[in-house]
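The values are calculated or read from the model by the stated rules, or taken from the named source; none is laboratory data. All of these numbers come straight from a predicted model, not from anything done at the bench. Backbone-built Cβ (ideal geometry, glycine too); neighbour counts: all protein chains shown. Surface accessibility is based on the protein's heavy atoms, side chains included, excluding ligands, DNA and RNA. Shrake-Rupley method; radii C 1.70, N 1.55, O 1.52, S 1.80 Å.
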Amino acid sequence: MEVGGIQALRRWRARQSGKVGLVPTMGALHSGHQALMTRARAESDLVVTSIFVNPLQFGADEDFVQYPRPFAADLEKCEEAGVDFVFAPALGEMYPSAPEVRVRAGRMGAVFEGEARPGHFDGVLTVVAKLFNLIAPDVTVFGLKDIQQFCLVKRMIADLDFDIEIIGLPVVRDGDGLAMSSRNEYLTGADRNRALAIPRALEAAAEVAAEVPSGGGGGPAAVEAAARAVLDSAAERGDLEVIYLSLVDSADLRPCGPDFRGSALLLVSATVGGTHLIDNLPLEF
Ligand code: PAF
């Protein structure tokens, strides 16, 4: 496994002829990331993982400085997952100065996480476009936990004509049901228990969705209400603060009407002890 910044990557890339798979990350790797790398390995001859904490996607009051950076442990996880090249550029290499020209995420980037974190998705898409240009992958693998990010990267690939296949892997959960996230490291034991209301809300929604008669109306509202009841009681206990809960059309992230038919996503975001968590559930109506 090679590790390097832009010059080393360019030299390595010029020597390769096989199909290249990219897993972009900000480090603090966990088994969810390793699952992405394993999938990239299965889809390509060579796997590149990028580790770069991208300042453009953090708000001024967010955790860019304290974001975990366990680089040595990350490299071990990449090695275990069979990564060929770890692209770990220095901040000054990626952004010698603040970029004047950026990718704009548009309407789909201004709702949900984008509303809670203005400019976040412009920052994500700008760095992902740079990674695509630098690494020139044939395929890229993203986790579906950050579902809005996945939808936007997919849309950028289409809108900006990147010749890259994107694969989304389902949310990877710990044994207690909490979606794996690098930010789970911020949770104390008590916070972690409080956070479990999020997967419980999604389970409640899934149970109701399974009972909705096919072709019958009212399903979307009942499903959303089931999840809301769980989150509202957790919020009343002071366990968490709900930022949003919404059932949306997976094609465009617009809210599902009462008679919606098709593929939907139940999106949830909450803060627990100051830690911002997101999760989602795909549903068919
Ligand atoms: O999902 C992430 O870790 C980041 O948003 C990404 C895609 C690596 C861009 O910085």
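Some points to look at:
- Between the Cα long axis of helix 71-80 and the first principal axis of the chain there is an angle of about 90°, rounded to the nearest 10.
- Per residue, in Å², the accessible surface of segment 73-195 once ligands and nucleic acids are set aside, probe 1.4 Å: 46 Å²
- Segment 130-242 shape via C-alpha gyration tensor axes, a/c threshold 1.5: oblate
- Per-residue ³J(HN,Hα) for segment 268-277, Karplus 6.51 cos²θ - 1.76 cosθ + 1.60, θ = phi - 60°, Hz, x for Gly and Pro: 9, 9, 8, 10, 10, x, x, 9, 8, 10
- A protection proxy built from the mean count of other Cβ atoms within 10 Å ranks the segments 172-184, 126-138, 238-250, most packed first, as 126-138, 238-250, 172-184.
- For the chain, the longest principal axis of the C-alpha atoms and the axis of helix 147-159 are separated by about 50°.
- Relative contact order, percent, the chain [alpha-carbon distance under 8 Å, six or more residues apart]: 16 percent
- Estimated dipole of the chain in Debye, rounded to 20 [Cβ of Lys and Arg +1, of Asp and Glu -1, Cα centre]: 580 debye
- Each of the peptides 93-104, 187-198 was scored by the mean count of other Cβ atoms within 10 Å over its residues; in descending order, highest first, they stand as 187-198, 93-104.
- Comparing mean-square fluctuations of ALA209, ALA42, ALA105 from a GNM of the chain with C-alpha springs under 10 Å, the top value falls on ALA42.
- Approximate spin-label separation ASP259-ASN193, in nm, with each point projected 7 Å along Cα-to-Cβ: 4.7 nm
- The fraction of accessible area contributed by carbon and sulfur in the chain is 51 percent, rounded to a whole number (1.4 Å probe; ligands and nucleic acids excluded).
- Net lengthening on full extension, LYS19/GLU203 (0.36 nm per residue, minus Cα-Cα): 62.4 nm
- Straight-line cross-link partners of LYS145 among the lysines, defined as a Cα under 23 Å from its Cα and at least 8 positions apart when in the same chain: LYS77, LYS130, LYS154.
- Backbone N within segment 162-185 under 20 Å of label point (7 Å from GLU284 Cα along the Cβ vector): 168-171
- From phi via Karplus (6.51, -1.76, 1.60), per-residue ³J(HN,Hα) for segment 50-62 in Hz, x at Gly/Pro: 9, 10, 7, 7, 8, x, 5, 9, 9, x, 4, 9, 9
- Two-decimal Rg/Rh across the chain, once Rg and the Kirkwood Rh are taken from alpha-carbon atoms: 0.97
- Whichever aspartates and glutamates have a C-alpha closer than 18 Å to that of LYS19, once near sequence neighbours (fewer than 8 apart) are set aside: GLU2, GLU43, ASP45, ASP84, ASP138, ASP163, GLU165
- For segment 25-143: relative contact order, % (alpha-carbon pairs under 8 angstrom, 6 or more apart): 35 percent
- Segment 3-137, Cα convex hull volume normalised per residue, Å³: 120 Å³
- Dipole of the chain [Lys/Arg +1, Asp/Glu -1 at C-beta], most positive-end residue of MET1, GLY219, GLY273: MET1
- DSSP bridge pairs, the chain: antiparallel proportion in percent, nearest 5: 50 percent
- Pairwise label distance in nanometres, GLU115 with ASP163, each label 7 Å out on the Cα-Cβ vector: 4.0 nm
- C-alpha long axis of helix 120-135 to longest principal axis of the chain, angle in °: 40 degrees
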